[in-house]
Amino acid sequence: MNPRQLLIHAFKKLLLQRLYKRYVVTSPVIQADIKQTLLVRGSKAQYATLEKQFQHVMIYYPDYAYIFFWRTNTSKYRWRYLFVSDLPCKIFRSTQIGGGLMCYHPYATVINAQSIGENFQFRNSLTVGNKGNDNHLLPVIGNNVTVGAHVVIIGAITIGDQVTIGAGSVVVKDVPSHCVVAGNPAKIIRRLDEH
């Protein structure tokens, strides 16, 4: 690293110490996001201290940094650009999302749901939203749901727990727990063992 890069790196570490003390220490939800990101990505940093885990995900995973700034409602944080570039992604503030939230390349994503459970994973170009521009008609998504790229989930529907939604799917009807769905309109293509 050249001297400028070293200075920026040291400054980022200082900022991360402050962010860690202010937001991470007291938030089990943010802690779950960190742990899930490292676990799913298979990072060796998952065995480090929580503070080192936080530093790792903020420095090496800008997708996680986006989630962190959304969780803490600090999208206008002065030094945010050091951790994440502007992503064309919007998660509505009114959407309640459990811990373990993780994304891969959240470009062209809009999420407007009533609620989303724990360990939600999604990929690029996801649209979750209302029907007919009526915010009373929003989806409810359960725990441990994984969503592929270019998926649309629309309307006052419920998606159960332990569901995988295939890339390119359009989901407009309820989806029961423990299954894989795909297609347009999405249909159950496989049931998963409930045990």
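The values are calculated or read from the model by the stated rules, or taken from the named source; none is laboratory data. Just so you know, these numbers come straight off a predicted model, no measurement behind them. Quick reminder, even Gly has a Cβ in these numbers, built from the backbone with ideal geometry, and neighbours come from all protein chains shown. We work out accessible area using only protein heavy atoms, side chains counted, and drop any ligands, DNA or RNA first. Shrake-Rupley method; radii C 1.70, N 1.55, O 1.52, S 1.80 Å.
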Fill in: Residues that are part of a helix (DSSP H, G or I) and either without any contact (Cβ under 8 Å) to a residue 24 or more places away in the chain or open to solvent by 20 Å² or more (accessible area, probe 1.4 Å) (or both), drawn from the range 42-54
Lys44, Ala45, Gln46, Tyr47, Leu50, Glu51, Lys52, Gln53
Practice prompt. Count, please, the residues in the range 70-117 that happen to be of a type in the set (Phe, Trp, Tyr) and surrounded by 18 or more Cβ atoms within 10 Å (Cβ to Cβ).
Written response: 2
Worksheet item: Out of all the residues in the range 21-41, which are open to solvent by less than 50 Å² (accessible area, probe 1.4 Å) and either at positive phi or touching a residue at least 24 places away in the same chain (Cβ under 8 Å) (or both)?
Response: Tyr23, Val24, Ser27, Ile30, Gln31, Ala32, Asp33, Ile34, Gln36, Thr37
Worksheet item: Going through the range 146-173 one residue at a time, which ones are open to solvent by less than 50 Å² (accessible area, probe 1.4 Å) and not aliphatic (A, V, I, L, M)?
Response: Thr146, Gly148, Gly155, Gly160, Gly166, Gly168, Ser169
Practice prompt. Search the range 138-160 for residues that are farther than 12 Å from Gly117 by Cβ and pair each with any residue that is outside any loop (DSSP other than H, G, I, E, B) and small (Gly, Ala, Ser) when their beta-carbon atoms are under 6 Å apart and the residues are at least 6 apart or on different chains.
Written response: Ile154/Gly129
Worksheet, complete the sentence: Counted residues in the range 68-89 being in a helix (DSSP H, G or I), in contact with a helix residue (DSSP H, G or I) (Cβ under 7 Å, 6 or more places away or on another chain) and under 22 Å from Ile8 (Cα atoms) come to 4
Item to complete: Can you confirm whether the range 169-182 contains a residue that is more than 30 Å from Phe54 (Cβ to Cβ), aliphatic (A, V, I, L, M) and either modelled with pLDDT under 95 or not in a strand (DSSP E or B) (or both)?
Response: yes
Worksheet item: Which condition number does Asn143 fail, the rest of (1) touching an Asp or Glu at 6+ places or on another chain (Cβ under 9 Å); (2) under 21 Å from Val29 (Cα atoms); (3) at pLDDT 95 or above; (4) open to solvent by less than 20 Å² (accessible area, probe 1.4 Å) being met?
Response: (4)
